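Reviewing the structure listed below.
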Amino acid sequence: MHYRERLREQAEKARDKVAPLGPDIDLSEFDSTSVSHDYLDEEAMCTLPMADQQTLLMAGMDVHGKGRGGTFFQKDTSVVHCRTTQEGVEVVPIRKALDEFDWIEDYYWRLGTVDADKYTAAAMLDLHDGYVIRALPGSRSVYPIQACMYLEKEGLQQNVHNIIIAEEDSELHIITGCATAPHMHRGLHVGITEFFVKKNAKLSFTMIHNWAEDMAVRPRSVARVDEGGLFLNNYVCMKPVRTLQMYPTTHLAGPDAVARFYSIVVGSPGSEYDMGGRIFLNHTGNRAEIVSRVISNGGHVIARGHLVGKEPEIKAHLECRGLLLNGGVIHAIPELEGHVDGVEMSHEAAVGKIAQEEIAYLQARGLSEDEATSTIVRGFLSVDIPGLPAELQAEIDRAVEESDKDVM
């Protein structure tokens, strides 16, 4: 039986399989019918309505392509813009890649499990599109590639599959955003992402979510990092969303491979988040770090972290800090799992509130109570990510700054 036929058969069996984590979602409540949109050239991208441009910018997408090495833009189920100006980097819609490139089957569903739950099954059985971003061997990104999944149709279920490949000795930076049109309220996003970081390659992947308040979001991602590779996975979500559940997994598959997860999340009233990450350290010299900053502004946030040390001479650290601002719940679940002598693993977790003496200190220096609280919140959310290019760190800092008024 052909490989894709086997995948489809497995997915059919899992069509109704409930995910072990997060609230269950009735997929029949959403419409997954294809939506056609015209392709946008560079000029048309720049003439999108200003409200749309601002929404996209809040998800890290600059329609003018300023400071970017390429752009992928999918609206609903249609790829409306795809190009790269960065030598040594390929950006292709995944449906086109599946039709035209034999090599894609070496990567398609090779890390993710098609029958893990009904969301992975839906992405296989009713794939709309997604992207393949590949850095050729030895190439070095000058500017990040930007990618955006945008929902415009009310009640749509958007199914995407992304594959990212950093070939040997390459360096690739990606900023990807997910957003909804200003008028939209309700929808479902199902996203599968597979990351391949080859020997001595470096990949940074920064995701910024800017969803509508009644969105349901189910990302599923798995990464493999080979010998000497580095994978930086950054996640920012500071806008309301009804329910988000994700648990990205990374396998360090060679000596001296490194993975670092950083997340900044604000739980808004009525929102439910079940998120975190898991890293398997399978070889000597592996390093891993999971760091999260969580604010509950009335939402319910479960922050998970799981580090698994399989060989001696590995180092791993897990850190979760939560701040209760206006009620809600933060549930930190740190896990360390050492299998042999010689592992070095640690964790720290703390959940609390803003100390009144800190506010009083800033008020004594001329700030109002709101200004003092805002200053403390921004400082709490500020995370310096080692190895992240300055431009991408600036994007994260901007997202924190822009969302400050919503947090307050």
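The values are calculated or read from the model by the stated rules, or taken from the named source; none is laboratory data. Predicted model only: the values in this text are computed from it and were never measured. In this analysis, Cβ positions are derived from the backbone assuming ideal geometry, glycine residues included, and neighbour counts consider all displayed protein chains. Only protein heavy atoms, including side chains, enter the accessible area calculation; ligands, DNA and RNA are left aside. Shrake-Rupley method; radii C 1.70, N 1.55, O 1.52, S 1.80 Å.
Computed values, structure above
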| read-out | value |
| --- | --- |
| Checklist (1) within 16 Å of Ile133 (Cβ to Cβ); (2) open to solvent by less than 50 Å² (accessible area, probe 1.4 Å) applied to Glu90, failing item | (2) |
| Count - residues of segment 62-111 that are assigned to a strand (DSSP E or B) and basic (Lys, Arg) | 2 |
| Which numbered condition Pro219 fails, given (1) open to solvent by less than 10 Å² (accessible area, probe 1.4 Å); (2) at pLDDT 95 or above; (3) under 21 Å from Val265 (Cβ atoms); (4) of a type outside the set (A, V, I, L, M) | (1) |
| Residues within segment 1-54 that are among the aromatic types (Phe, Trp, Tyr), in a loop (DSSP other than H, G, I, E, B) and over 18 Å from Leu151 (Cα atoms), tallied | 0 |
| Residue match in segment 31-52 (condition: in contact with a Pro (Cβ under 9 Å, 6 or more places away or on another chain) and either surrounded by 13 or more Cβ atoms within 10 Å (Cβ to Cβ) or over 28 Å from Tyr235 (Cα atoms) (or both)) | yes |
| Candidates Ile359, Ile396, Ile295 - the one that is at pLDDT below 75, among the hydrophobic types (A, V, I, L, M, F, W, C) and closer than 30 Å to Glu213 by Cβ | Ile396 |
| Extreme residue, nearest to Pro219 (Cα to Cα), among residues of segment 190-200 that are open to solvent by 10 Å² or more (accessible area, probe 1.4 Å) and within 16 Å of the chain's Cα centre (by Cα) | Thr193 |
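Matching residues to (1) closer than 19 Å to Ala216 by Cα; (2) open to solvent by less than 10 Å² (accessible area, probe 1.4 Å):
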position: Lys75; (1), (2): yes, no
position: Asp99; (1), (2): no, no
position: Tyr107; (1), (2): no, no
position: Thr113; (1), (2): no, no
position: Asp126; (1), (2): yes, no
position: Val132; (1), (2): no, yes
